[in-house]
Protein chains: 2
Amino acid sequence: MTVTDQISLPRGFRVAGVACGIKSDPGKLDLALFASETPCAAAGVFTQNLVHGAPVKVSRERVPAATARAVVINSGNANACTGDRGLADSQRMTELVAAELGCEPQGVLVCSTGVIGHFLPFEKIAAGIPQVAAQLKPDAASLVQAAQAIMTTDTFHKLATRKIMVGETEVTVTGVAKGAAMIGPNMATMLSVIMTDAVLSPETADAMLRHAVDRSFNCISVEGHTSTSDTVVLLANAAAGGAMDETAGDALQQAFDEVAAELAQAIIRDAEGADHIITIDVAGLATREDAFRIAKTVADSALVKTAVTGADPNWGRIVSAVGYAGVTLREEEITLRLNDTLLYEQGSPVSYDEAAVSQSMRDNREIHIDLICGSGESAVRYWTSDLTAEYVRLNSEYTT
Amino acid sequence: MTVTDQISLPRGFRVAGVACGIKSDPGKLDLALFASETPCAAAGVFTQNLVHGAPVKVSRERVPAATARAVVINSGNANACTGDRGLADSQRMTELVAAELGCEPQGVLVCSTGVIGHFLPFEKIAAGIPQVAAQLKPDAASLVQAAQAIMTTDTFHKLATRKIMVGETEVTVTGVAKGAAMIGPNMATMLSVIMTDAVLSPETADAMLRHAVDRSFNCISVEGHTSTSDTVVLLANAAAGGAMDETAGDALQQAFDEVAAELAQAIIRDAEGADHIITIDVAGLATREDAFRIAKTVADSALVKTAVTGADPNWGRIVSAVGYAGVTLREEEITLRLNDTLLYEQGSPVSYDEAAVSQSMRDNREIHIDLICGSGESAVRYWTSDLTAEYVRLNSEYTT
């Protein structure tokens, strides 16, 4: 996901990342700008947390939109739990960007990520915005800098791209994301900006973004703690031209889904202290919501996570998590495979080679939990990480 | 809670604990019997997990009851996820105990705690039941042995007692419990038996038990993983005599509440790897359910737990957990105190001495999180433990 020579921006987008001094290390990039030369259809999906940052309050009022131009993001400070002053600061950030780009403030979205409960160092941001605007470029190196400027405890930057053909026209979908846990040691957030040169109405952009997010960023968890600032934004500037028919729409939806899933998985791969990446497939339910609830309950169980850490095929922990997910089901309908080995079949234990399964858990960073919980037709795929002593160390260090 | 010279059994109860060889260490007690000489009003509260052990299936059909005589409990094996054979084994345990006591099997309740997914070593249990029945005694030493015989990863046995006067009559309420986490490294359960010589109908026993459990065992969590076998049983044998009026009923309810709360807190004090015991008070909600949901969400947050481990007054983690609890509230109504220091008042950060609060967290094993979330009249008190590297180590050791 960081192979930059395969990453390119869609037509008509320019981006930049600079260091403006929000982070204590003055050399660290902390201000990013993603801008389109022309107005975009824009959509956004935001945290469900009732305690949410000022940038969430400002941005979610501005989408879906037909004339968005840019997203400005700072790292190092979440501007959350900061009251009226925080709200005014977020609005001023969009005004300063709008002045640089020659557009309405309403056309600028804003995100902030970092420590909660501190006011933004606004002079630094006010000085940084003209700098980052002056450096806007359409090249891959600038995209990498922008991706780095939104990082907090991430250990690598996260980019993904897909190209599809719409008739004779090549359309690009490129996304950037940050997040090393739903919450890191001293900050809280996953953020993503997805850009495309496809021709989309705001309504279609909104529907396609929600479809992609439901199958990607909403299907990951590190410790299940919902952040105050989670934001995913889609900008579609129509620069590729061409007309969207149903076939092209399906291809574009798939490109959005894949870019979002790749970025979501990158967040899990970068999860704090994780030794294993766990993919959970849950099938056989009457509704996707039921499958989702079971997958999330298994993913959030500290007992399941620590069993994976210990390479222990302790299936009782997985099956018992299914049982308390709040979904109506019968024990006799549960079948479990772990790394392709059948452990539990229709409510009964199965004889299997414990040492071999444990060895496969020890040898592979990727773990696959495959649950069938009935004969319904709905399924979901979910990603999480294991729980290690290193995660506890990272999150219990004194940080305030 | 282990001061045995203050602990006594209610009149007419006899108990015993023996080693029958279920646990790998042959000297460890693993079979307990709690018996009344006369029929009891009995009530039970069981796990809500849809995947539940065979003893839960057997026992919950038998309460509320007017003629219960005993509870038999083995540790070292949960007899859960064991299908029809497991169900037959639990039923046979009650038949063997009934034969010893000269009562109907229907009058015997059964619990099992230990590893999931293995059949009981039934010959050992069949040989043990006559032994444990032969050793039934009404003294405190036998009660300690019974309390030890139900332990799994517990590091100490858990007993609590209260005496109240009903008119001229002294009534005793004595409880025993086990549990060192909702789930330990290789087992899953909290169990408790509460005995009283008070005069109670099955219906009143049931209502009083539910009241007590809702304010004790249902208000603790270690990692939020609901076990397959959780069971709390109340036996009331009326041996004290005397008539229950409303005043006596209130006093008895309070005795039940206090015994259950003391045992529940003992489980949290014994939580695996815990450095801190966290008491969470949530007030100001419209309903007790809302207050409960907020308290449980804060208690189950790995980020809140690790902040406590690190003595870090990181209030953003607590406030953001309130925000995703699924309860409708406004950020402006949230006020937070930590160890009696005001950190966040009606939605705004408060200046405070961070070093002093951190020091108080470091110096005290007990941490107090006090949240007011509005002007409603409902409140709840909840207990949990912090999350340490030692917890991860205990639960990620290879155990199967």
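Quick notes on this structure:
- Of residues in the range B:333-387 being basic (K, R) and in contact with a strand residue (DSSP E or B) (Cβ under 7 Å, 6 or more places away or on another chain), the one modelled with the highest pLDDT: B:R337
- Boolean, A:Y391 is aromatic (F, W, Y) and in contact with a strand residue (DSSP E or B) (Cβ under 7 Å, 6 or more places away or on another chain): no
- Taken together, the residues in the range A:329-353 that are over 35 Å from the mean Cα position of the chain (by Cα) and not in a loop (DSSP other than H, G, I, E, B) amount to 3.
- Residue within the range A:64-78 that is closer than 30 Å to B:A325 by Cβ and among the β-branched types (V, I, T) present: yes
- Of all residues in the range B:289-306 being part of a helix (DSSP H, G or I) and not hydrophobic (A, V, I, L, M, F, W, C), the one that is farthest from the other protein chains (Cβ to nearest Cβ): B:E289
- The one condition from (1) in contact (Cβ under 8 Å) with a residue 60 or more places away in the chain; (2) within 30 Å of B:L303 (Cβ to Cβ) that A:N237 does not meet is (2).
- Hits in the range B:308-337 - residues which are among the aliphatic types (A, V, I, L, M) and more than 7 Å from chain A (Cβ to nearest Cβ): B:V308, B:I318, B:A325, B:V327, B:I334, B:L336
- Within the range B:389-400, considering residues that are within 7 Å of another protein chain (Cβ to nearest Cβ) and at pLDDT 85 or above, the one nearest to the chain's Cα centre (by Cα): B:V392
- Only listed residue being among the hydroxyl-bearing types (S, T, Y), surrounded by 19 or more Cβ atoms within 10 Å (Cβ to Cβ) and at pLDDT 85 or above, chosen from B:T226, B:T279, B:T231: B:T231
- Looking at A:A283, A:A266, just one residue is in the same structural domain as A:A180 (by the TED database) and either farther than 27 Å from B:S221 by Cα or touching a residue at least 60 places away in the same chain (Cβ under 8 Å) (or both), and that residue is A:A266.
Residues are listed down the side, and each one gets a yes or a no for (1) in contact with an Asp or Glu (Cβ under 8 Å, 6 or more places away or on another chain); (2) surrounded by fewer than 23 Cβ atoms within 10 Å (Cβ to Cβ); (3) not β-branched (V, I, T):
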| residue | (1), (2), (3) |
| --- | --- |
| B:L31 | no, no, yes |
| B:A35 | no, no, yes |
| B:P39 | no, yes, yes |
| B:F46 | yes, yes, yes |
| B:A54 | yes, no, yes |
| B:V71 | no, no, no |
| B:T94 | no, no, no |
| B:V97 | no, no, no |
| B:E100 | no, yes, yes |
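- The set of residues in the range A:65-90 being within 14 Å of another protein chain (Cβ to nearest Cβ) and free of Cβ contacts under 8 Å to residues at least 40 places away in the same chain consists of A:T82, A:G83, A:D84, A:R85, A:G86, A:L87.
- Residues located in the range A:307-328, provided they are assigned to a loop (DSSP other than H, G, I, E, B) and of a type in the set (V, I, T): A:V327, A:T328
- Selection of the range A:347-388 for residues being polar (S, T, N, Q), touching a helix residue (DSSP H, G or I) at 6+ places or on another chain (Cβ under 6 Å), surrounded by fewer than 19 Cβ atoms within 10 Å (Cβ to Cβ) and within 12 Å of chain B (Cβ to nearest Cβ) yields only A:S348.
- Any hit, the range B:279-288, residues being more than 9 Å from chain A (Cβ to nearest Cβ), assigned to a helix (DSSP H, G or I) and hydrophobic (A, V, I, L, M, F, W, C): no
Quick grid of which residues meet (1) in a loop (DSSP other than H, G, I, E, B); (2) within 30 Å of B:A321 (Cα to Cα); (3) in contact with a helix residue (DSSP H, G or I) (Cβ under 8 Å, 6 or more places away or on another chain); (4) without any contact (Cβ under 8 Å) to a residue 40 or more places away in the chain:
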| residue | (1), (2), (3), (4) |
| --- | --- |
| A:G17 | no, no, yes, no |
| A:L29 | yes, yes, yes, no |
| A:F34 | no, no, yes, no |
| A:V45 | no, yes, yes, no |
| A:Q48 | yes, yes, no, no |
| A:P55 | no, yes, yes, no |
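- A:G316 passes every criterion in (1) surrounded by fewer than 24 Cβ atoms within 10 Å (Cβ to Cβ); (2) modelled with pLDDT under 90; (3) over 17 Å from the mean Cα position of the chain (by Cα) apart from (1).
- Filter result (crowded, with 24+ Cβ neighbours inside 10 Å and among the hydrophobic types (A, V, I, L, M, F, W, C)) within the range A:130-171: A:V132, A:L143, A:A146, A:A147, A:A149, A:I150, A:M151, A:L159, A:A160, A:V171
- Among the residues of the range A:218-259, those identified as in a loop (DSSP other than H, G, I, E, B) and within 14 Å of chain B (Cβ to nearest Cβ) are A:V222, A:E223, A:G224, A:H225, A:T226, A:S227, A:T228, A:S229, A:D230.
The values are calculated or read from the model by the stated rules, or taken from the named source; none is laboratory data. In this text, all values refer to a predicted model and were calculated from it rather than measured experimentally. Methodologically, a virtual Cβ is constructed for each residue, glycine included, from the backbone with ideal geometry; neighbour enumeration extends over all protein chains shown.
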